[in-house]
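I have placed the structure first, in the form of structure tokens, so that the comments after it can refer back to it.
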Amino acid sequence: MREDRPSPSSSSRGAPRPEFVTTDWPAVLHAGQGGGTRAHAALARLCQTYWHPLYAYARRRGHAPHDAQDLTQEFFSRLLERRLLARADPLRGRFRSFLLASMNHFLANEWEKARARKRGGGRPALSLDLAAAEQRLEPADDATPDKAFDKQWALCLLETVLTRLEQEFQREGKAALFALLKRTLAGARESQPYAELAAKLGLSEGAIKVAVHRLRRRYRDLIREEIALTVAAPEEVESEMRHLLEALAG
């Protein structure tokens, strides 16, 4: 995520986003008002995206793994039932902030009542991998709950972007190229294995550098797109980009 951003290929840059369900503020509000299938699909994707960040937050608040799992499950069950969405207001800022504030309210006021119910309670279930969630946490990390949430939010957002980028290459029949180039998304430009990649692909180093430059540009553009879906105004994108970098460095 340096200044030369990634873009896999020129043909995908202006392409629509088939098979990709957005989770923007309008979709969230539409679902909260009883919206249709697409709105609820957007909410389901949202829940999967934010499961790890909110689980990490609950764990850092001192809850044991299974309790944190129950907390997160119950929180998203209520979100899907639209009880919490009534509080959603794009004019009040970032969706990330809305979710964290809602989780805080839930933990403070509603969990004691909820934990008395039978686990699962017949509510809509998410596909939650507790073992994977625990592996993502750093045991020696003494980060505050807020910082743990932000770190997992940043990692999940980058995973989503990487998946989108891979799908773009796959649609163009370039899955093998992506498999080789994706490691260049991390690290400084001067440390990239251009010669090695050129030899493997039968291209010149100059051609590889151009491909990596486009890849990074597209990667950064997709990050901006994802962030733009969760803020109230375009001018908030840059500050959220800075927050993402800070979360990853923390």
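Our note on the geometry: Cα centres of segment 200-216 and segment 160-195, 10 Å apart.
Give, rounded to the nearest 20 debye, the magnitude of the charge dipole that segment 150-207 has about its Cα centre when Lys and Arg contribute +1 at Cβ and Asp and Glu contribute -1 at Cβ. List each step's numbers first, then the result.
Details: 8 positive and 8 negative charges, 17 e Å.
I would put it at about 80 debye.
Taking each of Lys151/Lys209; Lys174/Lys200; Lys151/Lys174 in turn, the alpha-carbon distance tops 22 angstrom for Lys151/Lys209; Lys151/Lys174.
Of the residues His66, His243, the one with the fewest other Cβ atoms within 10 Å heads the list, and the complete ranking is His66, His243. Size descriptors for segment 190-250, from the alpha-carbon set: Rg then Dmax equal 16.0, 46 Å.
Sorting 71-78, 190-197, 176-183 by average packing, meaning the other beta carbons within 10 Å per residue, from highest down gives 71-78, 176-183, 190-197.
What FRET efficiency do you get for Met241 and Arg45 if R0 is 35 Å and r is their Cβ-Cβ distance, rounded to the nearest 0.05? If you can, show how the numbers build up before the last one.
Details: r = 21 Å, r/R0 = 0.61.
Result of the calculation: an efficiency of 0.95.
Take 94-103, 211-220, 51-60 and order them by the average number of nearby Cβ atoms within 10 Å per residue, most first; the result is 51-60, 211-220, 94-103.
A short reminder: the numbers here are calculations on the coordinates, not readings from a lab. Note that this is a predicted model, so its numbers are computed, not measured. Here Cβ is always computed from backbone atoms with ideal geometry, including for glycine, and neighbour counts include all displayed protein chains.
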